[in-house]
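Inspection log for the structure reproduced underneath, given as structure tokens.
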2 protein chains.
Amino acid sequence: MNVSTFSALAEPNRLDIVELLRDGPLPVGEIADRLQLGQPQTSKHLRVLNEAGLVEVQPVANKRIYKLRAQPFQELDDWLETFRRMWEEKFDNLEAYLRQLQEQDHRGGDKE
Amino acid sequence: MNVSTFSALAEPNRLDIVELLRDGPLPVGEIADRLQLGQPQTSKHLRVLNEAGLVEVQPVANKRIYKLRAQPFQELDDWLETFRRMWEEKFDNLEAYLRQLQEQDHRGGDKE
DNA sequence: GATAAATATTACTTGACAGGAATATTCCTT
DNA sequence: AAGGAATATTCCTGTCAAGTAATATTTATC
């Protein structure tokens, strides 16, 4: 899993931007207005989101319209999949680990 | 969605720790060994993960065994759910947005 | 081509965080 | 109770990212 996806979403304003774009593409000015952000800050956050591959730009006339990209979200979904058994199978390795410790102890203290 | 989940995962070593714990609970020393980390750093990262609710501790004798908590991952999964239609429905609001712009233009320049 | 709107970039300051070393704490063992 | 293993905390330092203000760039309009 790519760390940049998480670090991009780890900033509150950027998370807001992503959730805003969930409802559809928007130009920079609109995003800044709706989230009460300054224009430069908005552009910078969008830059980070863009470099992380979370959004893409499409120039239309004067404006630059940003929209979400599906890929990183799908990747995140796939990554989560690998954790799913953790709660679905109520799979608690704690006992297993303890048993393993026991075995090593019974083997005696001669390490290696 | 909670930002702290993302910021906790935004650090490479912490992401490694989480992925390591995916296979089962481990004590601090084991984590440090397997990831080639110093013990204090490991403890500090585990602290962050713990405060973000991603892991929980269970003291066993001398050791403190860390394991993943399901909840934040489930929340992340639910959050992703709200994006799923974005790629499943191939739902591209760009046209809609442009049409909307057109309408406003045709309405004349009298704002408000 | 000049002007203005929309957006991007830069420079500066400040605060948060990671690594490293040293130290403190907790708990087991004898 | 003493010693030692396992873990947590503190202090220090350097780096990076965010906010702000100012400026540059692009593109449409006239």
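The values are calculated or read from the model by the stated rules, or taken from the named source; none is laboratory data. Please read these numbers as outputs of a predicted model, since none were measured by experiment. Note that each Cβ is placed from the backbone with ideal geometry, even for glycine, and that neighbours are counted across all protein chains shown. Calculation scope for accessible area: heavy atoms of the full protein, side chains included, ligands and nucleic acids excluded. Shrake-Rupley method; radii C 1.70, N 1.55, O 1.52, S 1.80 Å.
Worth pointing out:
- Hey, A:VAL55 within 13 Å of chain B (Cβ to nearest Cβ), at pLDDT 95 or above and touching a strand residue (DSSP E or B) at 6+ places or on another chain (Cβ under 9 Å) or not: yes
- Matching residues, the range A:1-22, being at the interface with chain B (Cβ under 9 Å from one of its Cβ atoms), crowded, with 18+ Cβ neighbours inside 10 Å and within 12 Å of DNA strand C (Cβ to nearest atom): A:PHE6, A:SER7, A:ALA10
- Subset of the range A:23-36 [open to solvent by 60 Å² or more (accessible area, probe 1.4 Å) and more than 8 Å from DNA strand C (Cβ to nearest atom)]: A:ASP23, A:ASP33, A:ARG34, A:GLN36
- Against the list (1) within 11 Å of chain B (Cβ to nearest Cβ); (2) over 30 Å from A:GLU81 (Cβ atoms); (3) part of a helix (DSSP H, G or I); (4) within 13 Å of DNA strand D (Cβ to nearest atom), the condition A:GLU30 fails is (4).
- Just one of (1) open to solvent by 70 Å² or more (accessible area, probe 1.4 Å); (2) part of a helix (DSSP H, G or I); (3) in contact with a Pro (Cβ under 7 Å, 6 or more places away or on another chain) fails for B:ARG64. It is (2).
- Close pairs (8 angstrom Cβ cut-off, 6 or more residues apart or separate chains): farther than 12 Å from B:THR5 by Cβ in the range B:62-81, among the basic types (Lys, Arg) and more than 16 Å from DNA strand D (Cβ to nearest atom) anywhere: B:LEU68/B:ARG22
- Any hit, the range B:37-55, residues being within 11 Å of DNA strand D (Cβ to nearest atom), over 15 Å from the mean Cα position of the chain (by Cα), not in a helix (DSSP H, G or I) and not charged (D, E, K, R): yes
- Identity of the residue in the range B:14-27, in contact with a helix residue (DSSP H, G or I) (Cβ under 7 Å, 6 or more places away or on another chain) and within 20 Å of A:VAL3 (Cα to Cα), that ends up nearest to DNA strand D (Cβ to nearest atom): B:ILE17
- Number of the condition not met by B:GLN39 [criteria: (1) of a type outside the set (Gly, Ala, Ser); (2) modelled with pLDDT of 95 or more; (3) surrounded by 13 or more Cβ atoms within 10 Å (Cβ to Cβ); (4) in contact with a helix residue (DSSP H, G or I) (Cβ under 9 Å, 6 or more places away or on another chain)]: (3)
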